[in-house]
Amino acid sequence: LVFGKLHFDPEGLILAFEGDRPLGFAHASFGPDESRQALDAAQGVLCLLLVRPGDHEAEVASELIDRCERYLGARGARVVFGGAVRRASPFYLGLCGGSEPSGVLDSDPLAGSLYRSRGYDAVDRTFQFRCGLDGFRPAIDRVQMQLRRRMAVEEIVDAPPRSFWEAVTTAGFDLTRFEVMPR
């Protein structure tokens, strides 16, 4: 789901080792153009940064970010997103519990502080909620009943992609689309 994507460039996957011991990795790539029909080399994305906890994690993470920024800049990036965000998420869909990447999580203070110290600004904020489904009861009220009478939900199994970007980022996944339309 990463190496097999058409837009995967092995040079954008940067690994850190100390001898034979892996210390971390970072993955840099590019977001879509405005029409979502091609990659836009002007929009760099530091998709994922993972570092083994330990004595030198800040230094390792900082060096990985440096190398990703150099990789992206050498290929024409004029802006770099630190952490995959909704509009520019080339890899790792669903990794943090949602169908889209969540960017830099609050539970990762090292990454957050490193990005801020390098001049990155937050461009969006998302929230992740969890709810146990045991004992779930859907709310039923008059408004929902009226809506249900006027609208129908259509399930499209193996839905065709709506754009080049959707095709390349969701390749390998079974897509089911639900559309709500008037009866």
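The values are calculated or read from the model by the stated rules, or taken from the named source; none is laboratory data. Just so it is clear, the structure is predicted and the values come from calculations on it, not from any experiment. Using ideal geometry, Cβ is built from the backbone for each residue, glycine included, and neighbour counts are taken over all protein chains shown. Protein only, heavy atoms only, side chains kept; ligands, DNA and RNA dropped before computing areas. Shrake-Rupley method; radii C 1.70, N 1.55, O 1.52, S 1.80 Å.
Computed values, structure above
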item	result
Scan of the stretch 117-131 for residues that are more than 19 Å from the chain's Cα centre (by Cα) and modelled with pLDDT of 85 or more, ordered by number	Ser117, Arg118, Gly119
Failed condition for Ala152, given (1) among the aliphatic types (A, V, I, L, M); (2) touching a strand residue (DSSP E or B) at 6+ places or on another chain (Cβ under 8 Å); (3) open to solvent by less than 50 Å² (accessible area, probe 1.4 Å); (4) under 30 Å from Tyr92 (Cβ atoms)	(4)
Hits in the stretch 1-56 - residues which are touching an Asp or Glu at 6+ places or on another chain (Cβ under 6 Å) and open to solvent by 40 Å² or more (accessible area, probe 1.4 Å)	Asp33, Asp40
When residues of the stretch 155-183 are limited to those that are over 22 Å from Gly31 (Cβ atoms) and touching a Leu at 6+ places or on another chain (Cβ under 8 Å), the one surrounded by the fewest Cβ atoms within 10 Å (Cβ to Cβ)	Asp158
Test: residue in the stretch 5-14 that is free of Cβ contacts under 8 Å to residues at least 12 places away in the same chain, on the phi < 0 side of the Ramachandran plot and in a loop (DSSP other than H, G, I, E, B)	no
Single match in Ala167, Ala139, Ala171 (criterion: within 22 Å of the chain's Cα centre (by Cα) and without any contact (Cβ under 8 Å) to a residue 12 or more places away in the chain)	Ala167
